[in-house]
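The structure appears below as structure tokens.
A short reminder: the numbers here are calculations on the coordinates, not readings from a lab. On a predicted model such as this, the values are computed, not experimentally measured, just so you know. Backbone-built Cβ (ideal geometry, glycine too); neighbour counts: all protein chains shown.
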Number of protein chains: 4
Amino acid sequence: MSSDSSPATHWVLTLSCPDRPGIVHAVAGLLAEHGGNITESQQFGDPLSGLFFMRVQVTASTPRDELEAAIGPVARRFEMDWSLDVVGRPVRTLVMGSTAAHCLNDLAFRQRSENLPIELVAVVSNHTALAPLAEFYDIPFHHVPVTSATKAQAEARLLELVEELDVELVVLARYMQILSDDLCRALAGRVINIHHSFLPSFKGARPYAQAHDRGVKLIGATAHYVTGDLDEGPIIEQDVERVDHSRHVEDLVALGQDVERRALARAVRWHAEHRVLLDGHRTIVFR
Amino acid sequence: MSSDSSPATHWVLTLSCPDRPGIVHAVAGLLAEHGGNITESQQFGDPLSGLFFMRVQVTASTPRDELEAAIGPVARRFEMDWSLDVVGRPVRTLVMGSTAAHCLNDLAFRQRSENLPIELVAVVSNHTALAPLAEFYDIPFHHVPVTSATKAQAEARLLELVEELDVELVVLARYMQILSDDLCRALAGRVINIHHSFLPSFKGARPYAQAHDRGVKLIGATAHYVTGDLDEGPIIEQDVERVDHSRHVEDLVALGQDVERRALARAVRWHAEHRVLLDGHRTIVFR
Amino acid sequence: MSSDSSPATHWVLTLSCPDRPGIVHAVAGLLAEHGGNITESQQFGDPLSGLFFMRVQVTASTPRDELEAAIGPVARRFEMDWSLDVVGRPVRTLVMGSTAAHCLNDLAFRQRSENLPIELVAVVSNHTALAPLAEFYDIPFHHVPVTSATKAQAEARLLELVEELDVELVVLARYMQILSDDLCRALAGRVINIHHSFLPSFKGARPYAQAHDRGVKLIGATAHYVTGDLDEGPIIEQDVERVDHSRHVEDLVALGQDVERRALARAVRWHAEHRVLLDGHRTIVFR
Amino acid sequence: MSSDSSPATHWVLTLSCPDRPGIVHAVAGLLAEHGGNITESQQFGDPLSGLFFMRVQVTASTPRDELEAAIGPVARRFEMDWSLDVVGRPVRTLVMGSTAAHCLNDLAFRQRSENLPIELVAVVSNHTALAPLAEFYDIPFHHVPVTSATKAQAEARLLELVEELDVELVVLARYMQILSDDLCRALAGRVINIHHSFLPSFKGARPYAQAHDRGVKLIGATAHYVTGDLDEGPIIEQDVERVDHSRHVEDLVALGQDVERRALARAVRWHAEHRVLLDGHRTIVFR
């Protein structure tokens, strides 16, 4: 029950469940009973998967435990996956990188200047090149070298850090190591990767050189959740930049970095704002 | 009450009202009572205007009169403006043009090939250049010449056609006559105009020549509802195209036509799908 | 030698040759000797292929044979491939299509209204759906059905038409038949195709359904010259459109058509304006 | 005369002059005489202003004084404005800012990681907020407070710094002070400013609030040379970002910063690469 004496909190509730009549009514009802005022709400029913998705922001002065207790029965009745958070609470984020700084620089700058709702609790790298940048932004830097002999050990160290630091989101910001399937499964839904994308796509080494050789007119980037199949997880965001014949390979790389950091920043923001819901191997993004 | 024997209809309900708790619950409740299954729903509360906006698509086998009767009390309770339609019903549309064919050609082609949900019931023009195109698409063509002496008469003829043909939407597809304030008021919310837009904007004649002279790098177009103040009504859609120094004025005009038809086609689609709601002099577009 | 009494012609000269010092000087010299005034010129030396490319527009009152005679020795000296044309001369173009009309409609409309410098001399189709549109634009329509038994015969008919009608450019405007390697070779550099492109790319049937299923956020199109390997010829232009989870497969198809016609129209324009030069399996586009 | 014993230098020559036959031939001739090999070249003749513009990159082992001595007579003959530089030489750049860090951060990061050919020799600010960022990138920071009483003194200090530090380019990176006409004239062609742009444009205070209130669907930015008329100098680059009704004013500001830094970074790159030539109050950009 809402209490006029408590200050109102701005909540965000996300849920998914099998689609059937009455879901919105039930959710809106329990929120109304607690004096909640809906400020933003989006729903989507996927006719193919038969699933229903909802994200609702609501102001209410109900304490968290009361609100959760009220959601419980409705969630059980409709077999919902759901999560409740406070709008704007910074998501505890660990960034993994190798030597390229563009993505880390972009996330850290946006976090500081644009209220990107993340807290950067650690930078983990198999190199030391990113240490000064991490230091400038007051982010603890962890150097975790990786060789084929020490890969398991390095991943164990990462998992340790994730646990110690209560990490909610891991961002692979051009981290040039492939995560093991076990690690991907352990962190499923909590790891976002960014990679370049081309039309057509190129297999093998030096994709920018291949793209240049093929004379592509667009270069792109895809931000996605990591699954066992590294570049094939659910897509969160994609973007492209226009190029022409006069661009050298290194120009393509530089432009590619621009697209990468842009697509990654959007994906991280939407994830941190609880705007991304999983629908099998695709995403629902309530922007 | 829903009846299993009737085939389900796909309804779209749009509404706006002063924002306060319980609106979504009430709407979802009345839909649930009639066996409605929500397939798509979006809400938005504007903190500045204090208004709440909702668009909901719902499948239900309830007849229209029953549904309207059920909506009535809720609408009165929350002081709603609301409208109910069948998803995909073609909106009866009259296109006004002068000599430029690009917008009419685009709308007519999309209507035929892409299920743009409009029915083109008339083309009205102060010239005859568009007659063959109208004929090709089987749209009755009305030549209504306009001089300063006959302007009032021409507008009266337009209003007559709007009435006779049950026109729901008038599209000014590069119609090079300024509508009187009276006509704008008479058709308020039912007329969409398209005009070019530049950064910076240019007053006076030959805007493309001015834009060329000024070396703009982008040319744009704005689709908006018409109010008395011709180019200043609520904006529905905007788009731009990149240009460079090597483009002649006529190139800018041609590229401008591309942007115009693209922005106009989107605005008409969103209007016809009841995705555009008015919030004072701005629009809410539930895409 | 230029003659003041002749009216000046606006010429476009394109050339490619092994890169070495003195090319621009030699070309500019021969043009200057004939009183030519360069209005637009672009060069590009590809460090990878070692080839040099040039496109120059020049006004001169020299007759064609004199100009060609002057170019000859320079071209031989530098081992040039070259071509000379009059700026804006309509390129004789044959469009092949099946049932989808969006590309043909777009090209025909632009040809008429925007001075796209092509002349549409024939529409060839294995269906009859495009006949009325061709008729509206006064383009002779040729119905050439294709079955596996008659494919060779149909291609022979196409080649006949190409010859009879002096066709310079064949546009595959969503022509849903695969051309034989022989035909591709016979028309090398003179056939432009348009196809959809996705990130990632999808093999096999129903690509839009696959893209929808995979939740892509961008859909694209690629216009390219046809070589034996159908979708792998030199890329002329690419473009994308943004989509989200709420789009149905048919929406993706409709948006895809928009991107297709846009990319194709640009590719055809640049080809017809002699702005596209081949550099191995990539293109140089002097926009 | 070129000497085989000297290593080749990669030169960039830019020029403008009244348009007439023979310019390209003369320039290519003098370059060829010195063993120059043209790697990239672009020309443009503006039919409206009657001016001809050329940018040519050439490798040659000729010393600078010899090359300049060879250019001199040709330049005099054609009344050319011209400039010669080494490709990729960092342009000595001074950044002026107030409190917003996004543009400085972007330029400094690109300078370090992407070979943006500038050297950041000073950050000048009327506030101290940018000092730590300048320090991180090892750029000397100069705090020059400005009040109405000290404005002339502050501008004198700026001019002193420009002279002492051999500054070639001043970038107004959201510097929230209006430069005096005298200063603008003193630095004409050497100052690039970035400002937000909207369709329609808004006069007066709080433009983002006005844009929000008006429901614009695009927000943009314009990078331009500064003339006496602050926001009206020759445009170098423009870009836009899409927004919708759900964005708050602060979201528009954040997105606006993204567009601003993107447009500014391109403008600075093109200027530093000598790709921007002035054609009256418009620019020729040889990208």
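Brief remarks on what is shown
- Global geometry of region D:55-130, whether rounded, prolate or oblate, following the gyration tensor of its Cα atoms and the 1.5 cut on a/c: prolate
- Distribution of pairwise C-alpha distances over chain D, 10 Å bins, in %: 6, 25, 30, 23, 12, 4, 0
- Convex hull volume of region B:1-133 per residue (C-alpha atoms, cubic angstrom): 153 Å³
- With the simple model of a label 7 Å out from the Cα in the direction of the Cβ, B:Glu66 to B:Leu84 spans 1.1 nm.
- Dividing the C-alpha radius of gyration of region A:39-78 by 2.2 N^0.38 Å, with N its residue count, gives 1.43.
- Taking the helices alone, chain C has a mean residue ellipticity at 222 nm of -10000 deg cm²/dmol, built from -39,500 (n - 2.57) per DSSP H run of at least 4 residues and averaged over all its residues.
- Neighbours of C:Val144, meaning other residues whose beta-carbon lies under 14 angstrom from its beta-carbon, give a summed charge of -1 when Lys and Arg score +1 and Asp and Glu score -1.
- Cut-off 18 Å, label 7 Å out along Cα→Cβ of D:Thr147, residues of region D:78-107 by amide N: none
- Cα-projected label distance for D:Glu160 with A:Gln177, points at 7 Å along beta-carbon direction, nm: 5.3 nm
- Exposure proxy ranking for B:Asp239, C:Asp213, C:Asp258, C:Asp182, based on other Cβ atoms within 10 angstrom of each Cβ and starting from the fewest, stands as C:Asp182, C:Asp213, C:Asp258, B:Asp239.
- D:His281-B:Thr128 pseudo-label distance in nm [points 7 Å out on the Cα-to-Cβ vector]: 4.4 nm
- When the P(r) of region B:126-180 is calculated, the portion above 16 Å amounts to 48% of the C-alpha pairs.
- As an equivalent ellipsoid, the protein assembly as shown spans semi-axes of 48, 40, 31 angstrom, where each value is the square root of five times an eigenvalue of the C-alpha gyration tensor, largest first.
- A:Glu164, D:Glu114, D:Glu237 arranged by Cβ crowding within 10 Å, fewest neighbours leading: A:Glu164, D:Glu114, D:Glu237
- Average projection area in nm² (convex hull over Cα atoms of region D:156-236, one quarter of hull surface): 5.7 nm²
- Net charge, C:Arg92 excluded, C-beta distance under 13 Å - Lys, Arg +1, Asp, Glu -1: -4
- Net charge over other residues, Cβ less than 12 angstrom from the Cβ of D:Thr9 (K, R count +1; D, E count -1): 0
- Mean-position separation - Cα centroids, region A:203-236 and region D:139-170, in angstrom: 46 Å
- The alpha-carbon of C:Lys217 sits under 25 angstrom from the alpha-carbons of these lysines, leaving out residues fewer than 8 places away in its chain: A:Lys203, A:Lys217, C:Lys203, D:Lys217.
- Each residue in D:Thr147, A:Thr283, D:Thr9 was given a count of other beta-carbon atoms within 10 angstrom of its own, and listing them fewest first yields D:Thr147, D:Thr9, A:Thr283.
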